[in-house]
Amino acid sequence: MIPRISLNDATSIPQLGYGLCRVDPAEAQRTVEAALEAGYRHFDTAHIYHNEEGVGRALAATGVPREELYITTKLWNDSHDDARAALARSLDTLQLDRVDLYLIHWPRPAQDLYVTAWETLIELRADGLATSIGVSNFGPEHLDRLDAETGVTPAVNQVELHPLFQNRPVREAMRARGIVIEGWGPLGGGYYSPADLPDVVDIARARGVSPAQVVLRWHLQNGVVVFPKTSTAQRMRENLATTSFELTEQEMARLDALDQGEAGRKGPHPAHYEED
């Protein structure tokens, strides 16, 4: 029931998944098991979330075949010079022999090791430890360097993307390069709620769905891969139900008009984020 999007490496990715950013490590196993029960098969985690262990326990306990699962994790900023060891640690924690997608979490340009990290990710893909490889929070200038120095284009770029910050220049640049966009913070990243946006609420009332479902549907119709985070089974099911209706062109246009450009950004700017 969940649509898949083709990637530039001849694989595909489920367009709707479950996000583990800010999921308490002590709750990760329970929430992933609940998400599996609700029907999720795509899970997005990262080393820096500190919940890979709980994800791994849930995956080990499930009866869902591995080939039906799509698991993403990410290389943190302090390991750009040793991505092979970092992935080995993540695989051990996740109790997996490969991930479906491995991302460089941030470019950290002042450190200037993201090309080195990318070269290692290319090797990890060739070794079968990551089926697909990509990046997160990369701008066009960072991608240009990857292409120029390695000739290998990422399959995915995961960036901040929600109604108030639609990241249009980056989205357009990614599409021109054949890179699939994933949106983090798709419902506002905890900085605001879809229920705070009158246009979203109006559309939700007219359709008999929740404001969150309206925003997720907007993402899906824009071809964006999303993985909202929630801890309740009811909202997990509601998020999955966004595959069952479509917004009109007029409704899409109302949501497009909410964009505040750079003023709507809630997270760090990739050009300046250097956290260890």
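Structure notes:
- Test: residue in the range 152-171 that is among the β-branched types (Val, Ile, Thr) and either in a loop (DSSP other than H, G, I, E, B) or in contact with a Cys (Cβ under 8 Å, 6 or more places away or on another chain) (or both): yes
- Exclusive hit being out of contact with any strand residue (DSSP E or B) (no Cβ under 7 Å at 6 or more places or on another chain), open to solvent by less than 30 Å² (accessible area, probe 1.4 Å) and assigned to a loop (DSSP other than H, G, I, E, B), set 247, 255: 247
- Residue, surrounded by the most Cβ atoms within 10 Å (Cβ to Cβ), within the range 202-244, restricted to residues that are of a type in the set (D, E, K, R) and within 19 Å of residue 41 (Cβ to Cβ): 229
- Of all residues assigned to the range 52-64, at least one qualifies as being exposed (fewer than 15 other Cβ atoms within 10 Å of the Cβ), touching an Asp or Glu at 6+ places or on another chain (Cβ under 8 Å) and small (Gly, Ala, Ser).
- Scan of the range 18-32 for residues that are of a type in the set (Gly, Ala, Ser) and open to solvent by less than 70 Å² (accessible area, probe 1.4 Å), ordered by number: 19, 28
- Selection count, the range 65-92, where residues are open to solvent by 50 Å² or more (accessible area, probe 1.4 Å) and closer than 27 Å to residue 276 by Cα: 7
- Hits in the range 258-276 - residues which are small (Gly, Ala, Ser) and assigned to a helix (DSSP H, G or I): 261, 263, 264
- Test for residue 197: is it open to solvent by less than 10 Å² (accessible area, probe 1.4 Å) and farther than 29 Å from residue 141 by Cβ: no
The values are calculated or read from the model by the stated rules, or taken from the named source; none is laboratory data. The structure presented is a predicted model; accordingly, all values stated were derived computationally and were not measured. Please note: Cβ atoms are built from the backbone with ideal geometry, for glycine as well, and neighbour counts cover all protein chains shown. Accessible surface is based on the protein model in full, side chains and every heavy atom, while ligands, DNA and RNA are left aside. Shrake-Rupley method; radii C 1.70, N 1.55, O 1.52, S 1.80 Å.
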